[in-house]
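Undergrad: Attaching a single structure in structure tokens format; questions to follow.
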Amino acid sequence: MKFILGTKQNMTEFFAEDGKVHPATIVTAGPIVVTQVKSTETDGYNAVQVGFGTRKEKNVSKALKGHFGDKGIFATVREFRNADGLNLGDKVDASAFAAGDVVTVSGTSKAKGFQGVIKRHNFKGGPRSHGQKHSERAPGSIGGGLRNRVPKGMRMGGRTGADRITVTNLKVLAVDAETNTLLISGAVPGRRGTLLEIISK
């Protein structure tokens, strides 16, 4: 299993050798450093903890400084389970991936605040006829016979976005090892700068 952390940059077009154009996302991936190796004997499960990004030393607690040791000061720490073959201090960069790899990308979607039912749940809205004036985007009736209760799961307005989204079966279109950049087909979650987890099995 190959994995890396990265940040979303922006979208672009990629022209393949056969002349077809593909929408693609530019991701700055890695390098990541192994900060801890967990095992079933000591921790109850197998995992690799990695650090990504940089941070000012004054903004890190003494406990984290001691944990990182001489490996650096990292902005983000993540764990990946069942990652064999890596040892403490090992580095992983974009060169671990190759064009054609199929990857799964996870990240946090854009936060949109409080939204109505049309934007949040794709409601159609009401017609602008028969005396209706300000109710085109209103949710309408939520049903009767429920003893004045709102049933669980009722689609209504509310906080939208800022959810963890996983997109599968994306393809790595190109790799630039010098700048640690991956070109991934299609769209990935989040805004520019969103932290992404990229996994290839």
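Undergrad: For region 114-161, what is the relative contact order in percent, using Cα pairs closer than 8 Å and at least 6 residues apart in sequence?
TA: Relative CO of region 114-161 lands at 52 percent.
Undergrad: Then there is this: In deg cm²/dmol, rounded to 500, what helix-only [θ] at 222 nm does the chain give when every DSSP H run of at least 4 residues adds -39500 (n - 2.57) and the total is split over its residues?
TA: Mean residue ellipticity at 222 nm (helix-derived): -1500 deg cm²/dmol.
Undergrad: For residue 101, what residues show an amide H to amide H distance below 5 Å, using hydrogens built from the backbone and excluding near sequence neighbours?
TA: Those qualifying (amide H under 5 Å, at least 5 residues apart or on another chain) are 172.
Undergrad: For residue 76, which sequence-distant residues (separation of 5 or more, or a different chain) have an amide H within less than 5 Å of its own amide H, given hydrogens modelled in the peptide plane?
TA: Answer set, sorted by chain and number: 52.
Undergrad: Measuring from centroid to centroid over Cα atoms, what is the spacing of region 23-60 and region 64-100 in Å?
TA: After rounding, the separation between the Cα centres reads 4 Å.
Undergrad: Right, next: How large is the dipole of the chain about the Cα centre if only Lys and Arg carry +1 and Asp and Glu carry -1, each at its Cβ, rounded to the nearest 20 debye? Mind showing how you got there, number by number?
TA: Working: 31 positive and 17 negative charges, 363 e Å.
Here the chain has a charge dipole of around 1740 debye.
Undergrad: Could you work out how far apart the two model spin labels at residue 67 and residue 148 are, taking each label as a point 7 Å from the Cα in the direction of the beta carbon, and quote it in nm?
TA: Reported label-point gap for residue 67 and residue 148 is 5.1 nm.
Undergrad: May I ask you to order 105-118, 123-136, 158-171 by the average number of other C-beta atoms within 10 Å around their residues, highest value first? Please report the intermediate quantities before stating the final value.
TA: Values: 105-118: 15.1, 123-136: 10.0, 158-171: 13.3.
Per-residue Cβ counts within 10 Å, averaged per peptide and sorted highest first, yield 105-118, 158-171, 123-136.
Undergrad: By a straight-distance test (C-alpha under 14 Å), which aspartates and glutamates pair with residue 71 as possible cross-link partners, with residues fewer than eight away in the same chain excluded?
TA: Here the aspartates and glutamates satisfying the reach criterion relative to residue 71 are 57, 90.
Undergrad: With no solvent and one point on each alpha carbon, what is the Debye value of log10 I(q)/I(0) for region 49-137 at q = 0.11, 0.12, 0.20 Å⁻¹?
TA: Reported log10 I(q)/I(0), two decimals: -0.61, -0.66, -1.10.
Undergrad: Using only the alpha carbons, work out the radius of gyration and Dmax of region 114-161 in angstrom.
TA: Taking only Cα atoms of region 114-161, I get Rg and Dmax of 12.3, 35 Å.
Undergrad: I'd like the trypsin sites (Lys or Arg not before Pro) in region 39-102 restricted to DSSP loop residues with at most 15 other Cβ atoms within 10 Å, sorted by number.
TA: 55, 56
Undergrad: Per 0.36 nm of contour for each residue apart, how much would the distance between residue 54 and residue 187 grow if the chain were fully extended, relative to their Cα-Cα spacing?
TA: 45.3 nm
Undergrad: Pick from 93, 18, 43: which residue has the top mean-square fluctuation in a GNM of the chain where Cα pairs under 10 Å get a spring?
TA: Highest fluctuation among the options: 18.
Undergrad: Now for a different question. I need the shape label for region 1-87. Rule: rounded when a/c is under 1.5, else prolate if a/b > b/c, else oblate, with a, b, c from the alpha carbon gyration tensor.
TA: oblate
Undergrad: Output needed: percent of Cα pairs per 5 Å distance bin for region 83-201, bins running from 0 to the one holding the longest distance.
TA: 2, 9, 13, 13, 13, 10, 8, 8, 8, 6, 4, 3, 1, 0, 0
Undergrad: At 25 °C and 0.890 mPa s, grab the translational diffusion coefficient of the chain from Stokes-Einstein with a Kirkwood Rh over Cα pairs, rounded to a whole number in µm² per second.
TA: 121
Only the coordinates and a few stated rules stand behind these numbers; no lab work does. The model shown is predicted, which means the values in this text are computed figures rather than measured ones. Methodologically, a virtual Cβ is constructed for each residue, glycine included, from the backbone with ideal geometry; neighbour enumeration extends over all protein chains shown.
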